[in-house]
Amino acid sequence: MKIVIVGGVAAGMSAAAKIKRTSPDAEVVVYEKGGFLSYGACGLPYYVSGVNDDWRKLIARTREEFERSGIRTFLRHEVVKVAPDRKQIMVKNLEQGSLFLDSYDKLMIAVGAAPIVPDVPGIRLPGVHLLKTMEDGLALKEAAASSALRDVVIIGGGAIGLEAAEAMVHLGKRVRVVELADRILPPFDPEITEPVTEELQRQGVSLHLAERLTEIAGAGRVERVRTNRGEYPADLVILATGVRPATGFLAGSGIRLAPNGAIYIDREMRTNIPDVYAAGDCAVVYHRVMEEDTYIPLGTTANKMGRLAGGNMLGRHDKFVGTLGSAAIKVFDLELGRTGLSEADAKRLAIDYGTAVVEAMDHPAYYPNPTPIRFKLIYDKETKTLLGAQGVGAKGVVLRINLFAVAIHNRMSARELGMVDLCYAPPFSGVWDAVHIACNAVK
């Protein structure tokens, strides 16, 4: 059996590896548009900043290792068309510009998502950068190394934008973040993002909220950025305005797509077309709490979905248990985590919910350097079942959010988690951990 995988980063290579471990005789061919396989794109901001001094550390598994396991890989090869009725794909060799056809018995689409690029004048000027692919990271690091570049404007106040802001401050740049919404990090609730806004300002980042990019200007390269509210100097611009599924090449294929272009799949990663599977940031994902398909592009989910797709293409029928949208971010001296529903999600789903916002210390005052953690819990008002949790603080936040993720995954109530036997020692927590305190505030 010949399995063709389109996309060779997270979901695609997870599937390829699973297939070869399970069925060494299967023929596996991977086409990847970029020049790198299986890398941790979430680590790019730390490479750009110099926290990680070697891009090779971002590679989870080398091309040579994949090839030794019998997986044939083609870099800089873009699949431009899929014809399921003939079980064929059209591939473009981006180095040579040539086109050719390949056939498959089973096909997996794992092309991920592409950055949303605002349609404004000057968007293609030299000095405008993205931070999505390894190539983006290498180019941005080289550009930012120049001491002549002082003013950096970042368009977008989401996770990538803020991680890029920290990287640029680390490099000694003057940093300005322009965000269209009225606050940063929209997946988090306002009670959690408020301390982050203060932290950014404390670190010297200039925040411009509820402001829209209208033009990038300059004579031959970036010199300034214009918005609906002002004009700012810019030696370098980083676009971080979100992503959308990179599925334009599927037009006319018959593969069913969501309004945003994400591929509809079932919980076995199957599309509506026989023998065609999809996984990762190009596809919808089942949400365990919402009990519906949604679009949450996360590397953790992509790897799990890819692993399942690999097994299922060989005849298994493993179902994805569902995502919680668990995510974390570090912003200078703060860490944030979230899992499950936000308050906006609960409202949209018409759930009779309650919330609790609680502050507790990460460990007792009688051990040095205790720091506060702020938690927000969303719960079913009648049963007290936990539906969502978010947190922010200097330390000890994200691993505690993982505790909430386990509880939400298993549909535990706040009362149950509030009495779970957690470890205690003064360097780590109080006899009542911050998790206990937050849960016991649910009434």
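The values are calculated or read from the model by the stated rules, or taken from the named source; none is laboratory data. It should be emphasised that the depicted structure is a prediction, and the values quoted were computed from it without experimental measurement. Cβ: placed from backbone, ideal geometry, glycine included. Neighbour counts: every protein chain shown.
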Completion exercise
Exception for Arg176 within (1) within 22 Å of the chain's Cα centre (by Cα); (2) buried (at least 18 other Cβ atoms within 10 Å of the Cβ) falls at (1)
Exercise for the section: Test Asn272 against the criterion of being out of contact with any Asp or Glu (no Cβ under 8 Å at 6 or more places or on another chain), closer than 30 Å to Gly252 by Cα and at pLDDT 95 or above, and give yes or no. Expected result: yes
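Residue-by-condition table, conditions (1) among the β-branched types (Val, Ile, Thr); (2) surrounded by fewer than 21 Cβ atoms within 10 Å (Cβ to Cβ); (3) more than 14 Å from the chain's Cα centre (by Cα):
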{"position": "Thr247", "(1), (2), (3)": "yes, no, yes"}
{"position": "Gly261", "(1), (2), (3)": "no, yes, yes"}
{"position": "Glu268", "(1), (2), (3)": "no, yes, yes"}
{"position": "Val276", "(1), (2), (3)": "yes, no, yes"}
{"position": "Arg288", "(1), (2), (3)": "no, yes, yes"}
{"position": "Glu291", "(1), (2), (3)": "no, yes, yes"}
{"position": "Ala302", "(1), (2), (3)": "no, no, no"}
{"position": "Lys319", "(1), (2), (3)": "no, yes, yes"}
{"position": "Gly325", "(1), (2), (3)": "no, no, no"}
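Name the helices (runs of 4 or more DSSP H) wholly within the stretch 1-111 that hold at least 2 residues that are assigned by TED's automatic domain parsing to the domain that holds Ala278 and without any contact (Cβ under 8 Å) to a residue 24 or more places away in the chain?
Numbers: elements: 11-22, 44-49, 63-68.
Those helices (runs of 4 or more DSSP H) span 63-68.
Considering each residue of the stretch 249-259, count those that are part of a strand (DSSP E or B) and surrounded by fewer than 15 Cβ atoms within 10 Å (Cβ to Cβ), and give that number. Spell out the reasoning first.
Kept after step one, since they are part of a strand (DSSP E or B), are these residues of the stretch 249-259: 257.
Filter once more, so that each one left must be surrounded by fewer than 15 Cβ atoms within 10 Å (Cβ to Cβ): none.
Residues that pass the stated criteria total 0.
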Practice task
State all residues of the stretch 89-110 that are closer than 22 Å to Met1 by Cα and either crowded, with 16+ Cβ neighbours inside 10 Å or among the hydrophobic types (A, V, I, L, M, F, W, C) (or both); if no residue qualifies, say none.
Solution key: Ile89, Met90, Val91, Phe100, Leu101, Asp102, Tyr104, Lys106, Leu107, Met108, Ile109, Ala110
Practice task
Within the stretch 338-355, identify whether any single residue is buried (at least 20 other Cβ atoms within 10 Å of the Cβ), modelled with pLDDT of 95 or more, among the aliphatic types (A, V, I, L, M) and in contact with a helix residue (DSSP H, G or I) (Cβ under 7 Å, 6 or more places away or on another chain), and answer yes or no.
Solution key: no
Practice task
Return the total of residues in the stretch 164-211 being within 19 Å of Ser342 (Cα to Cα), in a helix (DSSP H, G or I) and hydrophobic (A, V, I, L, M, F, W, C).
Solution key: 2
Handout entry: Residue count for the stretch 319-369, restricted to those that are touching a residue at least 24 places away in the same chain (Cβ under 8 Å), over 14 Å from Asp189 (Cβ atoms) and assigned to a loop (DSSP other than H, G, I, E, B)
Key = 16
Exercise for the section: Could you run through the stretch 385-419 and say how many residues are surrounded by fewer than 18 Cβ atoms within 10 Å (Cβ to Cβ) and in contact with a His (Cβ under 8 Å, 6 or more places away or on another chain)? Expected result: 1
Problem - For Phe375: the one exception among (1) within 26 Å of Pro195 (Cα to Cα); (2) without any contact (Cβ under 8 Å) to a residue 60 or more places away in the chain; (3) crowded, with 18+ Cβ neighbours inside 10 Å - result: (2)
